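The block underneath contains the structure these notes are about, expressed in structure tokens.
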Amino acid sequence: NTLLELKDEMIPVIGRGPEDTVTNEMPPEGVHYMHTCRTNMGVIEAALMACDAGKSIYWVGGIDGYQINDIIDLSYFSTGDMEKVRNKRLKAEYRDIDEYREVANETKNNEMLSGLKLIDAYDPEHLQQLLGQLKSKTVEDEIEAHISVTTAHRSKVLESEYVVLGDDFPDIFNP
């Protein structure tokens, strides 16, 4: 409702549950939470941070639906290791990572920008190591997970006591 008020909406949305609280703090340590992102790359970033912290991860809809191979390919592409890049389209459409970055910035493509943010945030070897560990940190039963990760699209009708929104959503104050 706070966001609706910013847009001069006068009719509040009324849910069936108790009043929610919006905060800029992370949930208490050891408490399960759902990390919801706009893009698959944002979800992968959240999972990598959890993996790096030694946390178990539940992927809403399963890990295979999040295109992890795309970030693996982008990582190899960024280091010029073209022999390991399996994505033929990536190699065909972009000369190098600089051209990819230029297109991402010009088009403001959130998926591309999130992927670039990810490969910029990690040393390539460390990123490859973490990507390799993701499957071993993945659990099949959400109750066993420290964190659940999902896109906003896949999170519809899901509930969680604590929800953390990723930073890959557009800025509502600067559309």
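The values are calculated or read from the model by the stated rules, or taken from the named source; none is laboratory data. Computed from a predicted structure; not experimentally measured. A quick note on method: Cβ atoms are made from the backbone with ideal geometry, for glycine too, and the neighbour counts reach across all protein chains shown. The protein model used for the area step is the full one, side chains on, heavy atoms only, and it has no ligands, DNA or RNA in it. Shrake-Rupley method; radii C 1.70, N 1.55, O 1.52, S 1.80 Å.
Scanning region 4-30 for residues that are open to solvent by 100 Å² or more (accessible area, probe 1.4 Å) and either at pLDDT below 65 or of a type in the set (D, E, K, R) (or both) gives E5, K7, D8, R16, E19, D20, E25, E29.
Output the residue which, of all residues in region 55-99 that are in a loop (DSSP other than H, G, I, E, B) and closer than 14 Å to S148 by Cα, is most open to solvent (accessible area, probe 1.4 Å). If we take residues in region 55-99 being in a loop (DSSP other than H, G, I, E, B) and closer than 14 Å to S148 by Cα, then G61 is most open to solvent (accessible area, probe 1.4 Å). For region 148-175, a residue qualifies if it is β-branched (V, I, T) and in a loop (DSSP other than H, G, I, E, B), and the qualifying residues are V157, I172. The number of residues in region 110-147 being buried (at least 17 other Cβ atoms within 10 Å of the Cβ) and in a loop (DSSP other than H, G, I, E, B) comes to 3. The set of residues from region 148-158 being in contact (Cβ under 8 Å) with a residue 60 or more places away in the chain and open to solvent by 30 Å² or more (accessible area, probe 1.4 Å) comprises A152, R154, L158.
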